[in-house]
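The block underneath contains the structure these notes are about, expressed in structure tokens.
The values are calculated or read from the model by the stated rules, or taken from the named source; none is laboratory data. Computed from a predicted model, the values in this text were never measured in an experiment. For neighbour counting, all protein chains shown are included, and Cβ atoms are generated from backbone atoms with ideal geometry for every residue, glycine included.
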Amino acid sequence: MSFSTDAKSEIMRQPCGEGGVRAEMAAFFLLAGSLSFRGKGRFLLSMSSENAAVTRYCFTQTKRIVQVTPEIQTARSSQLGDHMRYRLTLTEEDSHALLSALGLLDENAFLGVRREPPEGMLAGEEAGVAFVRGAFLAAGWVNHPDKAYHLEFAMPDGDHARIIMNLLTGMGFRCSVTERKSQWVAYVKDAEGVSRLLAMMGAFNAYMEFENVRIMKQLRGGVNRQMNCDDSNTDKTVRAAEKQLADIEYLRAVGVLETLPKPLREIAEARCNNPDANLMELGRLLDPPIGKSGVNNRLRRLSAIADEKRGL
């Protein structure tokens, strides 16, 4: 199974309190449901999903809210590849009972059914989290952290996407909305946000796996940066040493080296005898030893003298 499917399976194993189950199912039917209008006050409600476990979960939660027995149907779809889809359908009477229990019936709304959660449903923290859970089960997807940090809710219209965005923003997440082909997507793509959202919805194993992968990626990135830095520093040291050796050989060739002060002759000899040593190691070879800045100063003086003799 995919990382996203595993996360959904884990979320469905976590208990949803009485205060949240209606918000969870309201999100589910608002985002994954379809409604057939059969006349004033008469509807046929259904929900479809490619995930059999999600459909069974919706079946159980629906019966928990109202004493109805939805029918589960299966159909094979060739859209985006050959796969099975599962549909949960309710009778007119059961549809009316469920819509009423979810607070979605409103005679002032178009066709008498609200397209957003009723006022006050998401007031409490438990209900808000439950609504996000239902939205993720209905229309959510999360990438494996090995590839990228990305969790999204894909919906057919911008209004529902903005409901999710506003809800998550109010919870402290950095959530954005974009239009993608025929869908609107609310998404979180920062690592900390995706991780915290998985934990909030109850996908604790997915959260732990996400954090483990995230830590390993950070460690690998740190090691790579250090190696690149070390390689760069090594290259600079090698190039500097080559320049110093060339300057010393030039001064020797033109008979200037022997006329220089003793400190400069000593550092020149140390560099010629230890071409791979860094500045600190060269300083320790002198008697008395000197520090890195002292070594660097003497070598720079040698190079300056050599450049002057070359007429540079």
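Quick notes
- Scoring M200 on the criteria (1) crowded, with 22+ Cβ neighbours inside 10 Å; (2) farther than 15 Å from A27 by Cα; (3) out of contact with any Gly (no Cβ under 9 Å at 6 or more places or on another chain) leaves a single failure, condition (1).
- L264 at pLDDT below 85 and of a type in the set (A, V, I, L, M, F, W, C): no
- Matching residues in region 1-55 - criterion: being aliphatic (A, V, I, L, M) and either over 15 Å from G134 (Cβ atoms) or touching a Ser or Thr at 6+ places or on another chain (Cβ under 7 Å) (or both): M1, M25, A32, L35, L44, L45, A52, A53
- Checking each residue in region 14-23 for being touching a residue at least 40 places away in the same chain (Cβ under 8 Å) and either in contact with a Leu (Cβ under 9 Å, 6 or more places away or on another chain) or assigned to a helix (DSSP H, G or I) (or both) picks out G19, G20, V21, R22, A23.
- Residues of region 1-36 classified as out of contact with any Phe, Trp or Tyr (no Cβ under 6 Å at 6 or more places or on another chain) and within 24 Å of A97 (Cα to Cα), total: 19
- Only listed residue being polar (S, T, N, Q), in the same structural domain as A139 (by TED's automatic domain parsing) and either touching a Gly at 6+ places or on another chain (Cβ under 9 Å) or free of Cβ contacts under 8 Å to residues at least 12 places away in the same chain (or both), chosen from S95, S36: S36
- Region 145-194 - residue that is in contact (Cβ under 8 Å) with a residue 24 or more places away in the chain and of a type in the set (S, T, Y) and, of those, surrounded by the most Cβ atoms within 10 Å (Cβ to Cβ): Y187
- Candidates in region 24-59 are the residues that are touching a Lys or Arg at 6+ places or on another chain (Cβ under 8 Å), closer than 25 Å to S9 by Cβ and not hydroxyl-bearing (S, T, Y); of these, the one that is surrounded by the most Cβ atoms within 10 Å (Cβ to Cβ) is A27.
- Where strands (runs of 3 or more DSSP E) fall entirely within region 24-142, those with at least 2 residues that are over 33 Å from the mean Cα position of the chain (by Cα) are at 33-39, 42-49, 71-77.
- Residue in region 70-87 that is β-branched (V, I, T) and touching a residue at least 60 places away in the same chain (Cβ under 8 Å) present: no
So that you can scan it fast, the table gives a plain yes or no per residue for (1) in the same structural domain as K236 (by TED's automatic domain parsing); (2) part of a helix (DSSP H, G or I); (3) within 53 Å of the chain's Cα centre (by Cα):
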position	(1), (2), (3)
Y250	yes, yes, no
G255	yes, no, no
E266	yes, yes, no
R271	yes, yes, yes
A277	yes, no, yes
M280	yes, yes, yes
G283	yes, yes, yes
P288	yes, no, no
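- Residues satisfying the stated conditions in region 60-76, i.e. over 15 Å from L102 (Cα atoms) and not hydroxyl-bearing (S, T, Y): P70, E71, I72, Q73, A75, R76
- For region 164-173, the condition holds for at least one residue, the condition being that it is among the β-branched types (V, I, T) and under 22 Å from A32 (Cβ atoms).
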